[in-house]
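Q: Supplied in structure tokens, the structure appears directly below.
The values are calculated or read from the model by the stated rules, or taken from the named source; none is laboratory data. Remember, it's a predicted structure, so these values are computed and weren't measured experimentally. Using ideal geometry, Cβ is built from the backbone for each residue, glycine included, and neighbour counts are taken over all protein chains shown. In case anyone asks, the SASA skips ligands and DNA or RNA and just uses the protein heavy atoms, side chains included. Shrake-Rupley method; radii C 1.70, N 1.55, O 1.52, S 1.80 Å.
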Amino acid sequence: MALPKAFWLLWCGQTVSRLGTLAPAFLVLYLEQEGLVAPGTTPLVVGLFGAGVVLSGLVGGAVADLIGPRRTIVAAQPVIAVMALLFAVAEHVVALCVLSLITGFLSAVDRPAGAGLISAIVPQEQFSKAYSLFLVGFNIGMSLSPVFSGFLLQVSPTALFVVWAASSLVYAGLVFAVPADPPPVHAAAAGRPAGAAAALASAARGIAEPFRTPVLVGFLVMTFLLACIYLQVNSALPLDMRDSGLSSGDIGFVLAVNAVLSVALLPLVPRLVGRMRAHVPLMMAAGFMAVGFGGNVFAGGILSFTIATVVWTLGEVIWAPMSATFIADRAPAGRSGSYQGSYFFAWNAAFVVGSPAGLALSHAHGYEVLWISVLGLGFAVMLGFALLPRLAGFTPGARSETDTGPGARTDTGPGEPRATAGQNLAAQNLTTEKR
């Protein structure tokens, strides 16, 4: 079954957006090249950008449930465009810090909304396929963005922010053409628009809800630990490669292998592992990442680092779509954004903990100790995923009223499984497209 036109509008919009988004690394280069902040202040600016990204997971998902994922994406992009243009003219350090926090938040607020929108516009059985293709576009954009940013930084630094603003507006225009969001479930259930207080209370319940479900708490803890392993790719791994004698070009080649394999293999994942029990692909992903990153203990040249990269990339391409599918299959109607947001919060929190901890451990005890520790942690995460079926809520649809909060409606009869957010919303949006 072909994916609907609405999905491809979202796919194109997100890909263009990622092509134009200014990566934190190039923000650092811009600030120091233009002499806008002292070297000691640069970590503060980047840290605020990261804090915004972490916050966006929880808040972005709740906002997507409150006003709809399509509206969330469309509303955020013009604000991003304005903030990007303000970056081009801001010179005071306080203004730069405020802009960094806001743009960090807005640059990632569409992630849970995008996953929620996919749940809304494709049938549930196609979610893994659609999300895999969605990540292909994401990776294409993120892989090419540094190339464009590096060129613009040399030719015209101000153009970095103009391109960022323009790509955001293109994203908004393409997603605006997606069929309109259905009414929020909390409002529809009451038969009337909810008041502001009721809407905010519903959003707060949505943020907290995944953390009250045992299987999702276990999943999110394992997600955080796995992210602490994976995010060494942004911190300790390049430094280890450099200290092992690899040049900047060699390091770029090794990391390019990851990007190319991700784009090539992501579309194949649902076909290969989609029929397995939900926790098995998660175990496989953790195992590949543990062996891949742990294998760096034996690496000393470009070939051995490349082999290790191929192994952990296999874990990455299995993890990305199947973790989102695990969440989507367990999200009740009207909570898809909040549930996906809990995942992005757990993953992004590792930016604050995992990367610095890896650097501290490697500086104190050496890279060998770091990679052996990573291997052990990865196997522990693998075991944690193996235990998920023992936790309440593992089977989709088998959620009690206490899982959904007091007074929550299931809209099902006795003994009937409750439809997921993807099933309920997909039917409404597909009907809209046929008109």
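Q: From the list Leu96, Leu135, Leu169, Leu117, exactly one residue is in contact with a Pro (Cβ under 9 Å, 6 or more places away or on another chain), closer than 25 Å to Glu34 by Cβ and in a helix (DSSP H, G or I). Which is it?
A: Just one listed residue meets the conditions, Leu169.
Q: Another question, then. Here is a list: Gly294, Gly366, Gly337, Gly341. Which entry is over 21 Å from the mean Cα position of the chain (by Cα) and over 17 Å from Val381 (Cβ atoms)? Spell out how you get there, then give the answer.
A: Details: Gly294 fails: over 17 Å from Val381 (Cβ atoms); Gly337 fails: over 21 Å from the mean Cα position of the chain (by Cα); Gly341 fails: over 21 Å from the mean Cα position of the chain (by Cα).
On inspection, the qualifying residue turns out to be Gly366.
Q: Please work out if Arg242 is open to solvent by 40 Å² or more (accessible area, probe 1.4 Å), in a helix (DSSP H, G or I), basic (Lys, Arg) and without any contact (Cβ under 8 Å) to a residue 12 or more places away in the chain.
A: In short, yes.
Q: Being part of a helix (DSSP H, G or I), under 18 Å from Gly358 (Cβ atoms) and open to solvent by 50 Å² or more (accessible area, probe 1.4 Å) is the requirement here; does Phe211 meet it?
A: no
Q: Only residues in region 91-111 that are over 22 Å from Ala62 (Cα atoms) count as the first member; pair them with residues that are open to solvent by 20 Å² or more (accessible area, probe 1.4 Å) and of a type in the set (Ser, Thr, Tyr), Cβ under 7 angstrom, at least 6 apart or cross-chain, and list the lot.
A: Qualifying pairs under 7 Å: Val93/Thr41.
Q: Based on what the data block shows, is Gly104 farther than 30 Å from Leu3 by Cβ, in a helix (DSSP H, G or I) and open to solvent by 10 Å² or more (accessible area, probe 1.4 Å)?
A: Taking the combined requirement at face value, the residue does not satisfy it.
Q: Related question: Could you please let me know if Leu135 is closer than 29 Å to Leu31 by Cβ and either buried (at least 19 other Cβ atoms within 10 Å of the Cβ) or aliphatic (A, V, I, L, M) (or both)?
A: Working: closer than 29 Å to Leu31 by Cβ: no; either buried (at least 19 other Cβ atoms within 10 Å of the Cβ) or aliphatic (A, V, I, L, M) (or both): yes.
Here the answer is no, as Leu135 does not meet what is asked.
Q: Please verify whether Ala331 is within 23 Å of Glu368 (Cα to Cα) and either in contact with a helix residue (DSSP H, G or I) (Cβ under 8 Å, 6 or more places away or on another chain) or modelled with pLDDT of 95 or more (or both), treating the condition exactly as stated.
A: For Ala331, the condition - within 23 Å of Glu368 (Cα to Cα) and either in contact with a helix residue (DSSP H, G or I) (Cβ under 8 Å, 6 or more places away or on another chain) or modelled with pLDDT of 95 or more (or both) - is not met.
Q: Then there is this: Got a number for residues in region 261-307 being within 20 Å of Leu246 (Cα to Cα) and surrounded by fewer than 22 Cβ atoms within 10 Å (Cβ to Cβ)?
A: Within region 261-307, residues that are within 20 Å of Leu246 (Cα to Cα) and surrounded by fewer than 22 Cβ atoms within 10 Å (Cβ to Cβ) number 10.
Q: Please go through region 167-208 and give me each residue that is open to solvent by less than 10 Å² (accessible area, probe 1.4 Å), more than 19 Å from the chain's Cα centre (by Cα) and modelled with pLDDT under 85, ordered by number.
A: Residue satisfying the conditions is Ser202 alone.
Q: Restricting the search to region 339-362, which residues are within 23 Å of Phe326 (Cβ to Cβ) and open to solvent by 50 Å² or more (accessible area, probe 1.4 Å)?
A: Passing the criteria: Phe345, Phe351, Val353.
Q: Which is in contact with a Pro (Cβ under 8 Å, 6 or more places away or on another chain) and modelled with pLDDT of 80 or more, of Ser338, Ser362, Ser373?
A: Selected residue: Ser338, the only one of Ser338, Ser362, Ser373 that is in contact with a Pro (Cβ under 8 Å, 6 or more places away or on another chain) and modelled with pLDDT of 80 or more.
Q: Would you be able to tell me the number of residues in region 112-132 that are open to solvent by less than 10 Å² (accessible area, probe 1.4 Å) and not aromatic (Phe, Trp, Tyr)?
A: So the first thing to find is which residues in region 112-132 are open to solvent by less than 10 Å² (accessible area, probe 1.4 Å), and the list is 112-122, 127, 130-132.
Imposing the further condition that a residue be not aromatic (Phe, Trp, Tyr) reduces the set to 112-122, 130, 132.
Of the residues in that region, 13 qualify.
Q: Looking at region 46-71, I want the residues that are open to solvent by 40 Å² or more (accessible area, probe 1.4 Å) and have a partner that is modelled with pLDDT of 85 or more with Cβ atoms under 6 Å, at least 6 apart or on another chain. Which pairs are those?
A: Pairs found: Leu48/Cys97; Leu48/Ser100; Leu48/Leu101; Leu55/Phe105; Val63/Thr72.
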